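Values quoted throughout were computed directly from the atomic coordinates according to the rules given, and no laboratory measurement underlies them. As the structure is a computational prediction, the values presented were derived from the model and not from experiment. Virtual Cβ from ideal backbone geometry, glycine too; neighbours counted across all protein chains shown.
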Amino acid sequence: MRKIEVGQRYTKVSSSSTVWQVLEPVLAPVGIHHFRIHNPNDPTTVRLISASALADDKIYRLINEH
């Protein structure tokens, strides 16, 4: 699994028009690691995504290290 770090930017493989930047790690109560991501062009657009989904090259593509 790819190491996910704050500041990295990703796009969805199915729709590469939106860039998502990692804001912070979040540990859910049941122990599933998630990350809060946002659209740098619209900081009010924030999503919570599991670490496994963000690290999956079939779903998200890393576009820079930060």
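When you scan region 20-35, how many residues do you find that are closer than 12 Å to Gly7 by Cα and among the hydrophobic types (A, V, I, L, M, F, W, C)?
4
Can you name every residue in region 1-19 that is over 16 Å from Asn39 (Cβ atoms) and hydrophobic (A, V, I, L, M, F, W, C)?
Within region 1-19, Met1, Ile4, Val13 qualify.
Can you give me the number of residues within region 1-22 that are in a strand (DSSP E or B), out of contact with any Pro (no Cβ under 6 Å at 6 or more places or on another chain) and among the polar types (S, T, N, Q)?
Total satisfying the criteria: 5.
Only one of (1) loosely packed, with under 13 Cβ neighbours inside 10 Å; (2) touching a Ser or Thr at 6+ places or on another chain (Cβ under 8 Å); (3) among the charged types (D, E, K, R) fails for Lys12. Which number is that?
(1)
Do we find a residue being in a strand (DSSP E or B), surrounded by 12 or more Cβ atoms within 10 Å (Cβ to Cβ), touching an Asp or Glu at 6+ places or on another chain (Cβ under 6 Å) and in contact (Cβ under 8 Å) with a residue 12 or more places away in the chain anywhere in region 36-52?
There is at least one residue in region 36-52 that is in a strand (DSSP E or B), surrounded by 12 or more Cβ atoms within 10 Å (Cβ to Cβ), touching an Asp or Glu at 6+ places or on another chain (Cβ under 6 Å) and in contact (Cβ under 8 Å) with a residue 12 or more places away in the chain.
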